[in-house]
Amino acid sequence: MAKKQRTAIEPTRAENYPEWYQQVIKAADLAENSPVRGCMVIKPWGYGLWENIQKVLDRMFKETGHENAYFPLFIPRSFLQKEAEHVDGFAKECAVVTHSRLEADENGVLQPTGELEEPLIVRPTSETIIGEMYSKWVQSYRDLPILINQWANVVRWEMRTRLFLRTAEFLWQEGHTVHATQEEAVEETLKMLDVYETFARDYLAVPVIKGEKTAAERFPGAVSTYSIEAMMQDRKALQAGTSHFLGQNFAKSSEIKFLSSEGQEEYAWTTSWGVSTRLVGAMIMVHSDDDGLVLPPKLAPRHVVIIPVIPKEEHRDAVTDYCRKLQGELLGCNYGDQPLRVELDERDMRGGEKVWGWVKKGVPVRLEVGPRDVENDAVFLGRRDKAAKDRQTVSRKDLLQSIEGILGDIHEALYQRALKFQKENTKRIETKEEFYSWFANEKESGFVICPWAGSAELEKEISTETKVTIRCIPMDEKKTGTCPFTGTENAPMAVFARSY
């Protein structure tokens, strides 16, 4: 029997994908479970990823005319009750504050006292509290549109949690806009969906399918919900971002009304849209390998790490001086629209241990420098999108001239690899027999594209039988066909998959 090849992460993706995911996070020192059940502590390397995601998206939002604001963490229970479908959708996930203080009892044990007149819900999403404020801010058509985004934390009391993908508390952004017409609100909804698709492609290096959710999968209280759906390496789907056209539902429940240019009082049209720290989970699951984290360069906390290799003490000064000079030169280079982020690892530990540490943390480019490299004015370069042992000698001059191109090549390689995987694991089917055969193997099945004209009840029935849901009705799909479940002709295509 052939000896199993050792990997830095055990188990491997093929052996136990969920556990592999947890071990990648641990090895890269991204996050860990907190003492509070279902919540996580995001450590500096993981938070650095989220900060870079924030920076890029924040710029993209502002370029499309949005401003940032902040709204309360606590929402009065009565606010959620104004929109019946909305509260029904979130009621089972709400954390509720009922008391205002703690007092010690006769045994010195702190007990909640000061019962509130009205319970407060810890923000699961902010449509209702923001709607209350917008109702005060909007009086005339001249006050519109309102284009606001909020960076915040939210709480949804999840029973089964997984770091980054699903936690009781997570970080996100939520955009909330108000418009004078339905056309403007729909345009806004689709514009922000395009922003998310662009971000996924150009920064996460993740291919996504953009489409509309079915009624069964729609955001509670929305008229239409749109999403971007990505395929993970276990072939499951991950909803990576959503944009909701809320119609006038929330405007009516919050009394967001305005006087039109014709002097008529009208209800406004609203939208909401958001992405969360789930994007970090998507990045891990799409790109990483059995040696650890693999990061798309534009979002990596460091683009380049320089690792001095000092076999003897007599080489220390020459190697260290060379590395520090090289770091300074690289810091003067750019990648895209930002300066290079360069780490010089001068820790007192074995070179091999350093190298594998940075491999597991996913830094796109590793530069090893030893005495011979100093003599040759060169570096030993490794790319994280290639095997750890696949390294080459590059002159310092060539490195400085090509580093931006190398990072760009890594991004494109990651994207094309993920796109190829998605296409290879997506099947078009025409019959029920094909559908159930494809999804019979839970580990091997991926996406199915087929015509759909079923009801919400039929969708639920299929989901109960197979654990498969309709991810979206893809917007770029022009073909129609005969629904294999109902026989309806000219039905639009739908994307089916198991999902997170």
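Residue ranges 24-34, 274-284 sort as 274-284, 24-34 when ordered by packing (mean number of other C-beta atoms within 10 Å per residue, highest first). Stretching residue 478 away from residue 116 to a fully extended chain increases their span by 124.9 nm, per 0.36 nm per residue minus the current alpha-carbon distance.
Here the peptides 190-200, 134-144, 88-98 are ranked by packing, the mean other Cβ count within 10 Å, and the order with the highest first is 190-200, 134-144, 88-98.
Spatially, the range 370-433 and the range 205-230 are offset by 32 Å when compared through their Cα centroids.
Relative to the longest principal axis of the Cα atoms of the chain, the long axis of helix 316-331 makes an angle of roughly 40 degrees.
Dipole orientation for the range 313-424: of the candidates 356, 380, 328, 356 has the Cα lying most toward the positive pole (charges on Cβ; Lys, Arg +1; Asp, Glu -1). On the beta carbon distance between residue 393 and residue 6, with R0 = 25 Å, the FRET formula returns roughly 0.45.
At what distance in angstrom do the alpha carbon centres of the range 464-490 and the range 299-315 lie from each other? The two parts, judged by their Cα centres, are 52 Å apart. Rg of the Cα atoms in the range 446-489, relative to 2.2 N^0.38 Å, amounts to 1.16.
To the nearest 10 degrees, how steep is helix 456-466 against the longest Cα principal axis of the chain, on a 0 to 90 scale? Taking the Cα atoms of the chain, the angle to 456-466 is about 40 degrees. In this calculation the C-beta distance from residue 401 to residue 313 is compared with R0 = 45 Å, giving a FRET efficiency of 0.85.
With a simple spin-label model that places each label point 7 Å from the Cα along the Cα-to-Cβ direction, the separation between residue 412 and residue 353 comes to 4.0 nm.
Its Cα gyration tensor gives the range 297-422 an equivalent ellipsoid. The semi-axes, each the square root of 5 times an eigenvalue, are 25, 16, 13 Å from largest down.
In terms of the mean number of neighbouring beta-carbon atoms within 10 Å, the peptides 99-107, 44-52 order highest first as 44-52, 99-107.
For the pairs 191/298; 26/432; 43/136, note any where the Cα-Cα span goes beyond 32 Å. Listed pairs above 32 Å: 26/432; 43/136. List the pairs from 82/257; 325/386; 389/423; 427/467; 213/478 whose alpha-carbon separation is above 25 Å, in the order I gave them. Pairs exceeding the cut-off: 325/386; 389/423. Length gained on full extension, residue 386 to residue 104: 95.6 nm, using 0.36 nm per residue less the C-alpha separation. Helical runs assigned H by DSSP (4 residues or longer) give the chain a calculated mean residue ellipticity at 222 nm of -10500 deg cm²/dmol, each run adding -39500 (n - 2.57) before division by the residue total. Within the shell defined by Cβ-Cβ distances under 13 Å, the residues around residue 213 carry a net charge of -1, with Lys and Arg each +1 and Asp and Glu each -1. For the chain, the longest principal axis of the C-alpha atoms and the axis of helix 182-199 are separated by about 20°.
Take the alpha carbon atoms of the range 329-347, find their center, do the same for the range 12-71, and report the distance between the two centers in whole angstrom. Going from one Cα centre to the other spans 22 Å.
Values quoted throughout were computed directly from the atomic coordinates according to the rules given, and no laboratory measurement underlies them. Treat the numbers as computed from the prediction; the structure is a model and nothing was measured. Backbone-built Cβ (ideal geometry, glycine too); neighbour counts: all protein chains shown.
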